[in-house]
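The values are calculated or read from the model by the stated rules, or taken from the named source; none is laboratory data. Quantities reported herein were computed from a predicted structural model and do not represent experimental measurements. Glycine gets a Cβ as well: all are built from the backbone with ideal geometry, and neighbour counts include every protein chain shown.
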Amino acid sequence: MQITISHGETSKTEAFIVPIAQNSNLDTIFSLLAEKTNLPAELIWNDFKATSREVQTLYFTENNQSKRIYLLGLGESPRSIDVLNAFRSFVFKRKANLPVNLGVSFLYKNAPENPATWVEASVNGLLLGRYDIGLYKTVKKTEDDALDFNIEINIAEEHFVTASNAFKKGEAFAATHAEIFNLVNAPANKKTPQILADWAVKSGAKHGYNVKVFDEKQIHEMGLHALISVNRGSENPPAFIVMEYLPSSGKVHGKIGLVGKGVTFDTGGLSIKPSTNMHYMKSDMGGAAAVFGTLEMAAKLQLPMHIIGVVPTTENSVDAFSTKPGDVIGSYQGKTIEVIDTDAEGRLILADGLTYTVRHYNPDVLIDLATLTGSCIRTLGTYAGGLFSNNDELVDKLNLAGERTGERLWRLPLWDDYRKELKSDVADIKNFSGNPAAGAITAAKFLEDFIEKHPAWAHMDIAGVAVMDSEFSSQKSATGFGIRMLIDYMEGLIDAAKA
Ligand code: BES
Ligand code: ZN
Ligand code: ZN
């Protein structure tokens, strides 16, 4: 695949995609298209309403060559995620029949004033549309052969430079997203904690950030007791992955600590889960994946930020050695924890990850991401991640980034009233109240006990949004939720610092 960017339509391009929002000036767009194709504008109007993901094909002849224009509907006021998804599903559905030389045209007054976000989103979407979830099939789909197309972005001359940068960014995001999809979609037998650690080491070496992996023995020596307790039932050892990114040169505008839940499979432990949907628990490392992807992207973009990524990773399995409901365990922080429910394991490993990050790096901002509770899915569905924070300013910035990227968050309370649910008779805290009401909130309250009173902490419960329905498969699959949002958040901090 080759991508180029130009300010005119070149003759070899056989088909152009023209993305169109419903609320754009359709009159102008259709009259320009009518001119190009020699078709009456009313006819185009009649057959194409620019609804989300609507596709209409037009034909025209140029230099004795028959060509196609695909009008691609984006719906009303599309956000970047809508543009991305429209392109992604367009390519996914048609990849077998698309011509080799494909253009995306912004020459019909069909892009916003500054087309950079659309260019980035369309390139990201075009490339992700080729994503194939059938990693372990012995016979690959034949249409894959046809995927090696050349894509040309046509844009007005004055936008050439911004569009070129946006284009590179879209390409970089797509490659990282595909990597992250593969990790999250991988079954647990192909995704042990060691395999996650190997991925991080490899990505760090390739993109220029530091990765340290602490093994089982070191985890014991360090005293990551909560992580050890979750790992007790597993034949695969745990790993504690610490990533650190600094730009190769120049000023740094802040230090961000990211902690991701890396449970490679959650059976529930002895508080075992029902079997119907248990296979989805291979994606219980969606938080870790978001942290991996964000570190990799930050390094690719050389963001002027100091970023620390911490991923405690383990399986939560059933065994004679497994931690039992009622067991009292320790933690890196020092507090004792009564494990009422072994299925509330994410908060245990995060507790150690959070304390470690604060004590060793003391970041300006501390953010954790985790597929933490079914309660959050029941509350927000697949439309937003749950956001919990002790800092209003941080919430505002994260919400803005969420809106801009379409990776939305919705704040839920952290009132101290909820803390009493976690009072244990025998230990400093218990990991579950026994009361399923407000489960996402009590989980967040549990984490709060382990952040060492950090003043700018945000917890994101991404259980509902880390895997979702999509064109890629009949089952839910990875979304990469969090990466675009966190990068956008950090870019906002950088812009503010520079202003
Ligand atoms: N990994 C699950 C949360 C989850 C559920 C993620 C469904 C994605 C889809 C988590 O470890 C868990 O089991 N949480 C329990 C906590 C409860 C026992 C307090 C839950 O939400 O039921
Ligand atoms: Zn669980
Ligand atoms: Zn879990």
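Things worth noting here:
- Test: residue in the stretch 60-77 that is surrounded by 18 or more Cβ atoms within 10 Å (Cβ to Cβ) and farther than 26 Å from residue 160 by Cβ: yes
- Filter pass, residue 342 being within 16 Å of ligand 2 (Cβ to nearest atom) and part of a loop (DSSP other than H, G, I, E, B): yes
- Residue selected from the stretch 321-335 under the condition within 16 Å of ligand 1 (Cβ to nearest atom) and of a type in the set (S, T, N, Q), by the criterion surrounded by the fewest Cβ atoms within 10 Å (Cβ to Cβ): 322
- If you go through the stretch 356-372 and keep only what is among the polar types (S, T, N, Q) and either touching a Lys or Arg at 6+ places or on another chain (Cβ under 9 Å) or within 14 Å of residue 481 (Cα to Cα) (or both), you end up with 362, 371.
- Residue that is surrounded by the fewest Cβ atoms within 10 Å (Cβ to Cβ) [pool: residues in the stretch 21-47 that are farther than 16 Å from residue 110 by Cβ and among the acidic types (Asp, Glu)]: 42
- Single residue of the stretch 442-499 satisfying the filter (among the basic types (Lys, Arg) and under 18 Å from the mean Cα position of the chain (by Cα)) that is surrounded by the fewest Cβ atoms within 10 Å (Cβ to Cβ): 476
- Against the test of being farther than 25 Å from residue 267 by Cβ, within 16 Å of ligand 1 (Cβ to nearest atom) and among the hydrophobic types (A, V, I, L, M, F, W, C), the options 440, 384, 401 yield a single qualifying residue, 384.
Residue by residue, here is whether (1) farther than 24 Å from residue 465 by Cβ; (2) polar (S, T, N, Q); (3) surrounded by fewer than 23 Cβ atoms within 10 Å (Cβ to Cβ) holds:
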position	(1), (2), (3)
277	no, yes, yes
295	no, no, no
316	no, yes, no
319	yes, no, yes
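- Condition check for residue 412: crowded, with 24+ Cβ neighbours inside 10 Å and either closer than 18 Å to residue 261 by Cβ or within 16 Å of ligand 1 (Cβ to nearest atom) (or both): no
- Residue 332 vs. criteria under 21 Å from the mean Cα position of the chain (by Cα) and of a type in the set (Phe, Trp, Tyr): no
- Condition met for residue 151 (more than 21 Å from the chain's Cα centre (by Cα) and part of a strand (DSSP E or B)): yes
- Close pairs from the stretch 336-362: first closer than 14 Å to residue 242 by Cβ, partner more than 16 Å from ligand 2 (Cβ to nearest atom) and outside any loop (DSSP other than H, G, I, E, B), Cβ under 6 Å, at least 6 apart: 353/259; 353/310; 354/259; 357/257; 357/259; 357/310; 361/257; 361/308
- Residue 50 satisfies every condition listed in (1) surrounded by fewer than 19 Cβ atoms within 10 Å (Cβ to Cβ); (2) without any contact (Cβ under 8 Å) to a residue 40 or more places away in the chain except (1).
A quick yes/no check of all residues on (1) outside the structural domain of residue 346 (by TED's automatic domain parsing); (2) among the aliphatic types (A, V, I, L, M); (3) over 18 Å from residue 261 (Cβ atoms):
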{"site": "452", "(1), (2), (3)": "no, no, yes"}
{"site": "457", "(1), (2), (3)": "no, no, no"}
{"site": "460", "(1), (2), (3)": "no, yes, no"}
{"site": "464", "(1), (2), (3)": "no, no, no"}
{"site": "467", "(1), (2), (3)": "no, yes, no"}
{"site": "476", "(1), (2), (3)": "no, no, no"}
{"site": "491", "(1), (2), (3)": "no, no, yes"}
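- Condition check for residue 211: at pLDDT 95 or above and in a strand (DSSP E or B): yes
- Residue that is nearest to ligand 1 (Cβ to nearest atom) [pool: residues in the stretch 230-279 that are over 24 Å from residue 352 (Cα atoms) and in contact with a Pro (Cβ under 9 Å, 6 or more places away or on another chain)]: 279
- Enumeration of residues in the stretch 338-359 that are among the β-branched types (Val, Ile, Thr) and within 13 Å of ligand 1 (Cβ to nearest atom): 339, 340, 342, 349
- Residue match in the stretch 276-299 (condition: more than 19 Å from residue 237 (Cα to Cα) and among the basic types (Lys, Arg)): no
- For residue 62, the conditions (1) without any contact (Cβ under 8 Å) to a residue 60 or more places away in the chain; (2) acidic (Asp, Glu); (3) within 20 Å of residue 22 (Cβ to Cβ) are fulfilled apart from (3).
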